[in-house]
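Novice: Sending over a structure as structure tokens; questions will come in a sec.
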Amino acid sequence: MNELQDWFAYKAFRPGQEEMLRKAAETAKSGGVLMIDAPTGSGKSSVVSALLAARKDRQIIVAVRTISQLATYIRELELIRKKQPGLKFSYLVGKGSMCPLGGTGDIYRKCEAVKAFSTALIRERADRGSLDPSRDKQILLQIQKNDSEHPLICPYYIRSRIAIQNEKGGGFRLVPSEACKKLSGRVIEHCIKPESLKEVCNGVCPYEVMAQASLQSDVLICNYHHIMDDQIREQLYLNLQKEPGDILLLIDEAHNCGDAMQDIMSISLDHRSLEQADHDISSLKKDVKDLEAIRRLIPGIRKFLDGLRRSSETEDWFDPQLFSRIILRESFFGSMEEVVDNLMDLAESIKETNSKRGDYRTSGIERLSAFLYRLHNSGTNPAYLTLFRKEPDNIYLEVRNIDPSPSLSTLAKEHFCSVFISGTLTPLRSYQQLYFRVLPTDYPISTFSLPNHFPRKNRLLMVTSDITSAYSQRQSNDNTKRIVNYIRSFCHIPGNLGVWFPSYQMLESVTREVEHYILDREVFIEPRESSEAGALLSRFMDLPGIGKKGILFAVCGGKFSEGLDYRGDMLNGALVIGLPLAPWNQVRQMIMQYYTRQYGEEGKFIAYTLPALNKVLQALGRVLRTPEDHGVLIIGENRFLDDAIKEKLPVWMQDELQEVSVQSFSPLIRGWK
């Protein structure tokens, strides 16, 4: 057998899969970036087997966005291990889901503080000859005194560490305890799932167990933030004792990379944070340096917010120079540099004081200082916009990153190789420009697009010629009536169905018009609140199992349009109404201008249409998850008949699209089996 087949977990390759994996293996050997666009069901997760086959001594890190994607890779690696018993893999998820300590406040801050206190205590006791902190009477007494709401010491971390004498230089160093090492070995051997981890660790820190397991692993699965946040990535690689050049990086659902990176690099300040900052200042001692000057900042920011409340826009740009002048006018500071320096010093002091008493909340002063720091530094960087957003009960100031390319280019350049995979990385050229514009022209970037090899006879793909979500037609009664008629005809398809809209407003208005016509199936409407979504979706997906059917009305890019696996009869048809473009306003216009400067005319598509196109493809992609699935896919938007948009669709969709009208649609649907 060749190298790839040694690591490939299945008896046979799916159509086109072997070529895709060999492309990934070549990149793992030579380095650089590979972008893969491959439809659902083409075996993308097996790319990890190609990296394993070609990795040499390098570690593989798989970055995923959701727990369900993490579970997919765990299953894949378990299958590979049946062929390669020596394979070791582990995962890291957010500390919020791993930490058993309890208490309030920021989980990462709490962890940092209690580890620091616990480490100092272990070292102090080691100096007195007690090397096993889990058996030290003084430490056990401290643990008994721990306040569960405001802990200062972590018993779970204590049990994960022992002190040993340094062979050179004297003193002590902390190393994993025997319990921690045994558990890490057990996790690797038996692949303990995240939901069982706390129970299995039985009093030892789950995160430390997984960190120890990661050191031994050939493959580590983690979430996006571990890789895309510079500080978290730096700490991760420090713990792994690896340089980025020793890593093969695999990023799943790569169409999300841009948004994820921009979210990490953006920051906001809301009215509640400002109130908290004011409260923080009021609680400080009067002898704090420059306290009165800092106190006088708040009225200036409030005055600025009050002015924005009078705006008729719900989202708009604000002038950072005007903002700075207003708050400086109300304060004793002469420049924004002084403001930022003083606030950051005060924020660090408050953080340290609060941590000493077990308060791990992020203070309002910290939020304010971080925001003003980012605001001040964004002034010379056109990739950041200053804007405000209004909601019914709150207002946000935001410093928003609008260009992920510099950070993603740096990420790619640092690693030996980076493979970006998605089922909707279409068109590849546009995503390559969006993600890697600033990479050197001679940096090796390759792309691979896999055709849809699912049986064509199992799907029906249509685009409507007579309905649209264009703003000019939103109030058209005729347009709405045609949308209602399409949905009524759509309901002739047996089984569960989904209808996606460009906004909650359009979802609610159309649903009111059509709901009373739907008598043969249960109606599900995506709620605005996330807390209600899980139970509703579970009920919808369970209907086929009890011989019933439903119709789901949802929003493109919402809770039910991505990352969900509606296999088999869980979803037999998807109708996407409209093109979910972001509302056109000054912010959107400024983003468009920035991208036009970077990319020319192509920038308009990348900035505005590409995100909307991806949301449509994601919603349609919920239907056909395996070669055996049957389904109907309908794009309810006449703009997809324009070549400028149609030619950006995957080639298989361009080839198969049937143009329909409200009159011709119904006979086609009734004839579908």
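Novice: For R81, indicate whether it is within 32 Å of the chain's Cα centre (by Cα), without any contact (Cβ under 8 Å) to a residue 40 or more places away in the chain and surrounded by 15 or more Cβ atoms within 10 Å (Cβ to Cβ). Steps first, please.
Specialist: Details: within 32 Å of the chain's Cα centre (by Cα): yes; without any contact (Cβ under 8 Å) to a residue 40 or more places away in the chain: yes; surrounded by 15 or more Cβ atoms within 10 Å (Cβ to Cβ): yes.
Against the criterion (within 32 Å of the chain's Cα centre (by Cα), without any contact (Cβ under 8 Å) to a residue 40 or more places away in the chain and surrounded by 15 or more Cβ atoms within 10 Å (Cβ to Cβ)), R81 qualifies.
Novice: Let me confirm something: among G334, G307, which residue is over 30 Å from D230 (Cβ atoms), assigned to a helix (DSSP H, G or I) and among the small types (G, A, S)?
Specialist: Values: G334 fails: assigned to a helix (DSSP H, G or I).
Going through G334, G307 in turn, just one is over 30 Å from D230 (Cβ atoms), assigned to a helix (DSSP H, G or I) and among the small types (G, A, S): G307.
Novice: For segment 264-297, how many residues meet the condition of being of a type in the set (V, I, T) and either open to solvent by 30 Å² or more (accessible area, probe 1.4 Å) or more than 17 Å from D345 (Cα to Cα) (or both)?
Specialist: 3
Novice: Could I ask something else about it? Taking segment 356-378 only, how many residues are open to solvent by 20 Å² or more (accessible area, probe 1.4 Å) and of a type in the set (S, T, Y)?
Specialist: Looking only at that region, the number is 2.
Novice: For segment 150-249, give me every one of the helices (runs of 4 or more DSSP H) that falls completely inside it and has 1 or more residues that are over 23 Å from the mean Cα position of the chain (by Cα) and crowded, with 20+ Cβ neighbours inside 10 Å.
Specialist: 155-158, 178-190, 197-201, 206-216
Novice: While we're looking at this one, here's another question. So the check is Cβ under 7 Å with 6+ separation or different chains; which pairs have a first residue in segment 298-315 that's in contact (Cβ under 8 Å) with a residue 60 or more places away in the chain and a second one that's part of a loop (DSSP other than H, G, I, E, B) and surrounded by 13 or more Cβ atoms within 10 Å (Cβ to Cβ)?
Specialist: L308/F318; E313/N585; E315/N585
Novice: Next question. I'd like to know if segment 313-331 contains one or more residues that are assigned to a loop (DSSP other than H, G, I, E, B) and open to solvent by less than 10 Å² (accessible area, probe 1.4 Å).
Specialist: yes
Novice: Name the one entry in L537, L519, L543 that is aliphatic (A, V, I, L, M) and part of a loop (DSSP other than H, G, I, E, B).
Specialist: Exactly one residue qualifies, and that residue is L519.
Novice: Any residue in segment 117-141 that is under 19 Å from G203 (Cβ atoms) and among the hydrophobic types (A, V, I, L, M, F, W, C) sitting within a Cβ distance under 6 Å of a residue that is open to solvent by 50 Å² or more (accessible area, probe 1.4 Å) and part of a loop (DSSP other than H, G, I, E, B)? List the pairs, counting only those 6 or more apart or interchain.
Specialist: Note: pairs meeting the criteria are F117/L152.
Novice: Within segment 639-663, can you find the residues that are over 29 Å from the mean Cα position of the chain (by Cα) and open to solvent by 50 Å² or more (accessible area, probe 1.4 Å)? If you could, list the steps in order and put the result at the bottom.
Specialist: First pass over segment 639-663, keeping only residues over 29 Å from the mean Cα position of the chain (by Cα): 639, 641-644, 654-663.
R639, L641, D642, D643, A644, Q654, D655, Q658, E659, Q663 - these are the residues of segment 639-663 that are over 29 Å from the mean Cα position of the chain (by Cα) and open to solvent by 50 Å² or more (accessible area, probe 1.4 Å).
Novice: Go through (1) modelled with pLDDT of 95 or more; (2) surrounded by fewer than 22 Cβ atoms within 10 Å (Cβ to Cβ); (3) within 21 Å of V514 (Cβ to Cβ) and name the single condition Q593 misses.
Specialist: (3)
Novice: Within segment 523-534, restricting attention to residues that are open to solvent by 70 Å² or more (accessible area, probe 1.4 Å) and not in a helix (DSSP H, G or I), which residue is nearest to L497 (Cα to Cα)?
Specialist: Only one residue tops the list, namely R528.
Novice: Any idea which of (1) touching a residue at least 24 places away in the same chain (Cβ under 8 Å); (2) open to solvent by 50 Å² or more (accessible area, probe 1.4 Å) is the one D341 doesn't satisfy?
Specialist: (1)
Novice: Inspect all residues belonging to segment 499-515 and state whether any of them is among the aromatic types (F, W, Y) and either open to solvent by 20 Å² or more (accessible area, probe 1.4 Å) or without any contact (Cβ under 8 Å) to a residue 12 or more places away in the chain (or both).
Specialist: Looking for residues that are among the aromatic types (F, W, Y) and either open to solvent by 20 Å² or more (accessible area, probe 1.4 Å) or without any contact (Cβ under 8 Å) to a residue 12 or more places away in the chain (or both), one finds at least one in segment 499-515, hence yes.
Novice: Can you run down the residue pairs with Cβ atoms below 6 Å, 6 or more apart or on separate chains, where the first is in segment 271-287 and on the phi < 0 side of the Ramachandran plot and of a type in the set (S, T, Y) and the partner is in a helix (DSSP H, G or I) and surrounded by 17 or more Cβ atoms within 10 Å (Cβ to Cβ)?
Specialist: S273/G364; S273/R367
Novice: Restricting to segment 535-564, give me the number of residues that are basic (K, R), closer than 21 Å to H492 by Cβ and surrounded by 17 or more Cβ atoms within 10 Å (Cβ to Cβ).
Specialist: Summing the residues that are basic (K, R), closer than 21 Å to H492 by Cβ and surrounded by 17 or more Cβ atoms within 10 Å (Cβ to Cβ) in segment 535-564 gives 1.
Novice: Being of a type in the set (F, W, Y) and closer than 21 Å to L617 by Cβ is the filter here, so list the residues in segment 394-435 that pass it.
Specialist: Selection gives F420, Y431, Y435.
Novice: Additional query: Whether any residue in segment 4-22 is within 21 Å of K242 (Cβ to Cβ) and of a type in the set (G, A, S) is what I want to check.
Specialist: no
Novice: Another question about this same structure. Inspect all residues belonging to segment 60-78 and state whether any of them is in contact with a helix residue (DSSP H, G or I) (Cβ under 9 Å, 6 or more places away or on another chain), part of a loop (DSSP other than H, G, I, E, B), at pLDDT 90 or above and not small (G, A, S).
Specialist: Yes - at least one qualifying residue is present in segment 60-78.
Novice: OK, next. Restricting to segment 621-632, what's the tally of residues that are open to solvent by 10 Å² or more (accessible area, probe 1.4 Å) and among the aliphatic types (A, V, I, L, M)?
Specialist: Total satisfying the criteria: 1.
Novice: Name every residue in segment 442-489 that is part of a loop (DSSP other than H, G, I, E, B) and surrounded by fewer than 20 Cβ atoms within 10 Å (Cβ to Cβ), in order of residue number.
Specialist: Within segment 442-489, D442, Y443, P444, P451, H453, P455, S465, D466, A470, R474, Q475, S476 meet the criteria.
Novice: Sticking with this one: Looking at segment 1-50, which of the residues that are among the charged types (D, E, K, R) and surrounded by 21 or more Cβ atoms within 10 Å (Cβ to Cβ) is nearest to K413 (Cα to Cα)? If you could, list the steps in order and put the result at the bottom.
Specialist: First pass over segment 1-50, keeping only residues among the charged types (D, E, K, R): 3, 6, 11, 14, 18-19, 22-23, 26, 29, 37, 44.
The next check asks that each one be surrounded by 21 or more Cβ atoms within 10 Å (Cβ to Cβ); those that pass are 37, 44.
On the way: D37: 21, K44: 23 Å.
The extreme case among them is D37.
The values are calculated or read from the model by the stated rules, or taken from the named source; none is laboratory data. Please read these numbers as outputs of a predicted model, since none were measured by experiment. Here the Cβ is made from the backbone with ideal geometry for all residues, glycine too, and neighbour counts use every protein chain on show. Note: accessible area is taken over every heavy atom of the protein model, side chains too, but ligands, DNA and RNA are not part of it. Shrake-Rupley method; radii C 1.70, N 1.55, O 1.52, S 1.80 Å.
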